[in-house]
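To start, the structure itself, in structure tokens.
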Amino acid sequence: MRRALLAITGLAASTSVLVVLKGSPGATQVAQDLPRTPTPVAPGSADPAPAEGEVAAEASAAATTGPRPSRSPSRAPSARPSSGSGSDGGGQTRKPSAPRTTTKPPAQPTTRTVTGPVVENEYGNVQVQIVVSGSRIVDVRALELPQETAQSDQRSEQVNGRYSGSGGQVVERQSADVDTVSGATATSTSYKQSLQAAIDRAN
């Protein structure tokens, strides 16, 4: 009889303890801290579903850090060729053409022939012709000299030899200021007069 009473009393005490444990929040916390049985995963399936604790941790981290900013995809640069003057329809850039330099050959001096007037003296007539290239006398010719006598012919040859031609005194000095031939003063003077008139006409 005594043993039965003790058993009944112990049963009642254990029942009270269980009721108290179930109603207290600490018991709930203990129950939550108990390890959960992992959810079985079928073979060949994807990664196992996250446990409730992991879901709660991820939700807490997302709430703390906030949503991540989304990146908009960068646009690729346009591949269309520019329609400027430096490119053609095929998209190839044209190289600027080098400026054309036209080198003109140096102008050749104009060659002119100028004839002086006929100058008369006591021995005959004298007339001189000059060839001018640009502004320079390059040749001198005696078109007419006194040749009536042998003496006049000789003096005329002396004057012509000293003054005329491309190597005479006229071309050398580029003027009518030449030396008078001794013994042929009249012919020399007439020659200078016709020569000076031709030079004046050329200028």
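The values are calculated or read from the model by the stated rules, or taken from the named source; none is laboratory data. These numbers come from a predicted model, not from an experiment. With ideal geometry, Cβ positions are generated from the backbone for all residues, glycine too; neighbour counts draw on all protein chains shown.
A few comments on the model shown:
- Screening residue 143 against (1) in a strand (DSSP E or B); (2) of a type in the set (A, V, I, L, M, F, W, C); (3) crowded, with 21+ Cβ neighbours inside 10 Å leaves a single unmet condition, (3).
- Within the stretch 153-167, one or more residues are closer than 14 Å to residue 198 by Cα, modelled with pLDDT of 95 or more and part of a loop (DSSP other than H, G, I, E, B).
- Some residue of the stretch 126-140 being part of a helix (DSSP H, G or I), out of contact with any Asp or Glu (no Cβ under 9 Å at 6 or more places or on another chain), modelled with pLDDT under 95 and not acidic (Asp, Glu): no
- Top-ranked residue of the stretch 159-197 - restricted to ones that are crowded, with 22+ Cβ neighbours inside 10 Å and touching a strand residue (DSSP E or B) at 6+ places or on another chain (Cβ under 7 Å), ranked as farthest from residue 135 (Cα to Cα): 187
- Some residue of the stretch 97-110 being outside any helix (DSSP H, G or I), at pLDDT below 95, surrounded by 12 or more Cβ atoms within 10 Å (Cβ to Cβ) and on the phi < 0 side of the Ramachandran plot: yes
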